[in-house]
Structures are given as C-alpha cells and as structure tokens.
Amino acid sequence: MKLGPPNALPERTSRWRWLWVLPRLAFVLFVGGVGLLLWMSDQADKEEKRTTLTSDILWLEQNLRFHLARNEELLGRIDLAHAASAKAFESFARTLFGFESGLRQLIWLDVEGKVGQAHPAIMDRGLVGEAMEALPSRQSFRLARSLGKPVYSSAYPLFTNDWQFEVHVPVSREGRVVGVAVGVYRIRDILGDSVPWWLAERYRISVVGDSGKVLGTRSKVEAVVTEEGYEVAFDPPGWGLTLHAVPYRAPRPLASILLSASLVILAMIVLWSLWILRRHVLRRQAVEEQLRQEHAFRKAMEDSLDTGMRARNLDGEIIYVNPAFCRMVGWTATELIGRRPPMPYWADDYLDETRAIHDQVLAGDGPEEGFELKFRRCDGEVIDVLIHEAPLIDAQGRHFGWMGSMVDITERKLADERHRQQQERLQSTGRLVAMGEMASSIAHELNQPLAAISSYCTGAINLLRNHTAASEVIPALDKAVDQAQRAGQVIRRIYSLARHSEHRVEAVDLAERIDAALALVDSDLRQKAVRIRLSVVDRALIEGDPVLIEQVLLNLLRNAVESMRECAADLRSIAISLCCVDGYAQLRIADHGCGIDRTIAERLFDPLFTTKPDGMGMGLAICRSVIENHRGRLVFEDNPEGGTVFCIMLPLASP
Ligand code: ADP
C-alpha cells in the first residue's frame, strides 16, 4: 500500500539508464571479441600459409638445385668415346634424359667450341649450333673452358614463350679440357619435371627473368591467385632468374565458414533479443510510470479525503487505513494495520454493540444504508461515526474483504441536538406565549370563584344583618377566603409562567390535585348535574408544579363537563381513575360526551383549535405542553361506553 516518494522517479530512471549501458557494452564487447577472434584466426591461417609457402618454395628451390647439380655431375661424366660415336652419344643422352633431368638437348662441343655430337640433332643452326657464335652461349662456353667448372648461360627464348638456358660442363682428361658437354634446359620442362603435382595444385610456380618477364610457369589449374607470393633467387642457373610461387586462393574450410556464420547469427540473435528486451522494458517502464502516476493520483485523492477509509480482510484484520481515518481515531496506520478485533478505537461503553455490528458486517449482513457507531479516539474522546461497508473484490472477482467509509458525525449530531433543543425551546416558548395568552382567559374564568367569593360574602353580610350568630357566618367567610387564595395562586403561577420563569418542582400527590381540581369545578358539576366516580388505586407521587397539574386537571374536567352538555341526565358522569403502571402514574378522565370525530382528532392539540362558539382552543395545547414539560404524555381515546377518555402519563417521583 505504500509507494516511494514521487521524487524517487528521476533517480530510478537514471539508474535504468546506467543499467542499459551494460548490455550494450556487453554486446559491443561480444561482437568486438568475435571479430577479433575471426581476424586472429584469419591471420594465423595466413601466417601458416605463408610459412608453408616459404618452406615449399625453399624445398622446390633445393630440389631444383639438387636436380641441376646432379645433371652437372652426370654431364661431367661424359666419355670421349661417347663424344666420338653418335650412337654412344645418343645412348648416353637417352640415359641422361631418363632421369627426368629436365634436359631437352645434349650437345658435345670440342675445345674449339665446334659441335661434335648433339642429341637430339640440331635441326636449326640458329638454335644451338649457331648459338655458340653468339652471346650468351659463347661466353658460357669460354668461361667454362677457361674455369674448368660448369657455367650456366642466361635464358633466351627459343620461341616466343619457350625459354631455355644451357649448362656448359667442361670435360677434362689428364688435366686438360677435351671438350664441353652442353645441357640445354627448357624452363617449362624443368618446372614440369621438378615441381610435384601437389605443389602445382597449391601454387602457381613461375621462373621470372631479371627484367621481370615470366619465362615459364607450372600450374595445374587455372585459378585466381592471391596477391601474396614468394620468390627466391634461382642462382647459379640464374643470370638473374628467380623462382616465384603464388598460392591459389583456397576456398575457406566449411568449418570456418560455419563458425563465422554461426557467430554472426549469434551476434544478430543477441542484438535482436536486446532490442526486444529493450522494447519490453521500455513498455514496462511506461506502464509502471502510468501506474505510478495513477497510484499517486489515487493516493493524493485518498489523502485529501475527509472520509476515513478502512479495509479489512475476511477475518476482520485491518489491511489498510487512509490518513483521514487515522486523523479521526488518533492512531497511526502502523498501529492499526494488522490489528484484529477488538480494535483500539472501539468505545468501551459500546463494546457489545460494536462487536455485534462488526460480526454482522463480516457475515455480509451489514445494513446497506449504513450505520452509526461510537468510536473512542486515542485521547479518550468519544466520537460518533457513520459507516458504510462495501465488499472488496479483487481482479479475479474474488471477495477478499470489506471496505468501510467513515464520516465523523459528532459535530453534526451535536448540531442536530442543539437544533432539537432550540426547536424545543422555541416550541416551549411558543406554548408559554400561548399560555400567557391563556392566562387572560383563565383570569377571565376566575370570575367564577370570584363570583363564589362574592356570593359567600353577600351571604355572610345578609346573615350579619339578620343578627345571626357570628359562629354561623365564619364558615362562609372561610370558604370565601379559600376561594380567594386559590384564585390568587392560579393568577400568580400563570403570571410567572407567562414571564418565562421556571415552574416549581416539588412532590405532587396526584390524588390531592384531583380533589383540588374537583373542588374548583364543584359548583359547575352541581349546576350541570354531573356525577363524579373517582377510583384511586395507587397513591401516585410525581415531581412537578402542583398548580399547573391542577390546572390541567381542571381544564380536562371542564372539557368533559362541556362535552356532556347535550347528554341524557343519567349518563352525565365522569369516571376518574388513578393507578401506577411501569413507573408511571396513569390518570384517566372518562366522560360519556359527544366524543371526538376522526376528522378533528389530529388537530385537537393545535393551539386555537376549537369547536365551541365561545371557545379559545388553547386548553388542550397548554395541557399537553404542561404534561410534556413534566416528561409525561397526554393522549386520548374513544370511551367504549361512549364519549372520550383523556389519559395522562407522568413519571413517578423516585423514592
Ligand atoms: P376549547 O375548550 O376552548 O375549545 P380546548 O383546547 O380545551 O379548547 O378544546 C379543543 C376542542 O377539543 C374543543 O373545542 C372540543 O371540540 C374538543 N374537546 C376537548 N375535550 C373534549 C371532550 N372531553 N369530549 C369531546 N370533545 C372535546
């Protein structure tokens, strides 16, 4: 869930760049190494060929020398008898030619240089016989005769491309030169006799004159020759003759070709795989970069969220929390990730409830519309959160956990509470205002006790005028005083309520308040012939304002009396019952009046709602307000016997 910081990106890229140098370097080294190997192998091959060429040409030169030296020796063995007889000379010559000597012609010259014998016979004087007259043959003859050693003539052409040279071998008898044996060599024949076939297959062997002209060549095949060649001086036969060998361009061995080809193919495969790898890595880098940016974007979004995000696996273990969640509960991600229930942020006072909803979510039965919980921050503060849970599904579609989004609604709840209280205060104020208005109405209604007081007082005066004993007047005056005090209390209490002062709170005995209220409506009851059936089952003590409670009872009794205005005389009764149920005092006032129509039932407690021509429609509104201020409820229902039952529920005072 954690990524490196965004600024790690350039560092990674530069490292990748360095990493890329390595395969390239390796490839260059590989290709260079392979090339060097091939070049070295080629050089070694060439060197070997050159060495072979040198040794071959030296061997050939030695072979030729040996050939010529042997021929010199054989020529030196010529006998005068041979020279004297043409037949013997021919036989000697044939023997000599049989040695593959390369000799083309054998000539016997006497000391004067005249041709004695020749085999084959000299057909053309211009060739050899006359050659004695001309250089270089004459020179060679003289030199050989004077030196007493074999002397070679320079090469001369017989025909255009057929060169030959001679060897003049002086023949001595008893210390005196008696003649010269001349062996005529044709260069082409020498090469033909002396150069073995295997050498001719490898090289083109040539004899080159001092002017650079090729005098004879031995080659087995007509093939392309290489530039490189080797030449060696071909002396003493020489007169500037050189033996020149040029190797043929041999086809490269198949193994070498295969090796080179496989190396080239290998290098190309390496290059290709490098290219593929590079493309793959570049694509991967691009995708990684895209992923990194997307992740950074999502993380930035998550971090900027005010909604806490928490992911859990199927075992309930936390696998992810976002910063907003950490801020909400005050624990760090490290402290939370890996935790299993009970979580450190579960509020101690709500552990059972929290665990129940936790199990419900893990079982997949979490409320879809979300749920509210209380969490405890690490500093102990309890907060309200609204949680929505959704299943976590992976790329393969497997359900692997739960993602919860959390909103801190503590402030909202406080605001709601404040708003509710404010509304309540407003309602209360409205009711109190209405009550203030009602006060004038009630004050108006106080006319009755005042009238009673007045009539008591009038009665007392009349008694006094008739000189009745004072003891008989006193009860009437006491009653008048009681009525006056009660009326005064009502006025003071309602006046104080209208001025928004708090109502008194004291223990109120409801049975007593019923009696007091009945006393207030007593004359009315009698006047309308309404009977009262009182049933006090339990003694009910509540906490509240006795005058207001009394006023409520008074109002409900008056409404009950008025509802029975049209009623038959025998039905005019009000049943009052008092009992305690589940910690509440239940006071029911049942009449047999006209009842309440369904159409007006909903508006009954609305201020100013009345069905009476002279009614104010404030009585029930004030009654409900008073009862609710005492944490109770005021409801009504149809009386099964006809009429209506008003029911007051008030919490009993704690013992
Ligand atoms: P008012 O008595 O001035 O009309 P209330 O708020 O006390 O104002 O009563 C409102 C209306 O509720 C009455 O007009 C009457 O129609 C109806 N009501 C109240 N008590 C009873 C009852 N016991 N039986 C039938 N109707 C009643």
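Values quoted throughout were computed directly from the atomic coordinates according to the rules given, and no laboratory measurement underlies them. Since the model is a prediction, treat every value here as computed from it, not as a measurement. Glycine also receives a Cβ, built like all others from the backbone with ideal geometry; neighbour counts cover every protein chain displayed.
Roughly how large, in nm² to one decimal, is the mean projection of the convex hull of the alpha-carbon atoms in region 171-216? Result: a mean projected hull area of 5.2 nm². Indicate the gyration tensor shape class of region 552-655 (rounded, prolate or oblate), computed on the Cα atoms with a ≥ b ≥ c the square roots of the eigenvalues: a/c under 1.5 is rounded; otherwise a/b larger than b/c is prolate and the rest oblate. It is oblate, given that a/c is not under 1.5 and a/b is not larger than b/c.
Using C-alpha pairs below 8 Å separated by at least 6 residues, the relative contact order for region 361-419 is 26 percent. Restricting region 498-573 to GluC sites (Glu not before Pro) that sit in a DSSP loop and have at most 13 other Cβ atoms within 10 Å of their own Cβ leaves Glu502, Glu566. Cα-based radius of gyration for the chain, normalised by 2.2 N^0.38 Å, reads 2.83.
Once the Cβ-Cβ distance of Ala286 and Arg249 is raised to the sixth power relative to R0 = 56 Å, the FRET efficiency obtained is 0.55. Full extension of the segment from Cys378 to Cys594, taken as 0.36 nm per residue of separation minus the current Cα-Cα distance, would add 71.4 nm.
Taking a straight Cα-Cα cut-off under 21 Å and skipping sequence neighbours fewer than 8 places away in the same chain, the lysines within cross-link reach of Lys299 are Lys2.
I need the calculated FRET efficiency for the pair Thr610 and Thr468, taking r as the beta carbon distance and R₀ as 45 Å, to the nearest 0.05.
0.50
Quick one: Karplus J couplings for region 57-63, per residue in order, coefficients 6.51, -1.76, 1.60, θ = phi - 60°, nearest Hz, x for Gly and Pro? Here the 3J(HN,Hα) series is 5, 5, 4, 5, 5, 4, 4 Hz. Around the amide H of Val178, modelled in the peptide plane, lie the amide H atoms of Val171, Ser172, Arg173, all under 5 Å away and 5 or more residues distant in sequence or on another chain.
When the C-alpha to C-alpha distance is required to be over 25 Å, the pairs from Lys479/Lys612; Lys479/Lys528; Lys528/Lys612 that qualify are Lys479/Lys612. Under a 5 Å amide H cut-off, with hydrogens placed 1.01 Å from N, Arg104 pairs with Val184, Tyr185, Arg186 among residues at least 5 apart or on other chains. Multiplying the residue separation of Trp18 and Ile393 by 0.36 nm and subtracting their alpha-carbon distance yields 131.0 nm. Near Ser573, the amide H atoms lying under 5 Å from its own belong to Arg531, His592; only residues 5 or more places off or on other chains count, and H is placed 1.01 Å from N. By the rule of a C-alpha distance below 28 Å, with chain neighbours fewer than 8 residues away ignored, the lysines paired with Lys46 are Lys213, Lys220.
Counting only Cβ charges, +1 for Lys and Arg and -1 for Asp and Glu, the dipole size of the chain around its Cα centre is about 3020 debye.
Multiplying the residue separation of Arg558 and Glu112 by 0.36 nm and removing their Cα-Cα distance gives an extension gain of 141.1 nm.
Put +1 on the Cβ of each Lys and Arg and -1 on the Cβ of each Asp and Glu in the chain; which of Trp402, Ala476, Gly179 then has its Cα farthest toward the positive end of the dipole? It is Gly179. Quote the FRET efficiency, to the nearest 0.05, computed for Ile269 versus Leu25 with a Förster distance R0 of 22 Å and r equal to the Cβ-Cβ distance. Computed FRET efficiency for Ile269 and Leu25 comes out at 0.75.
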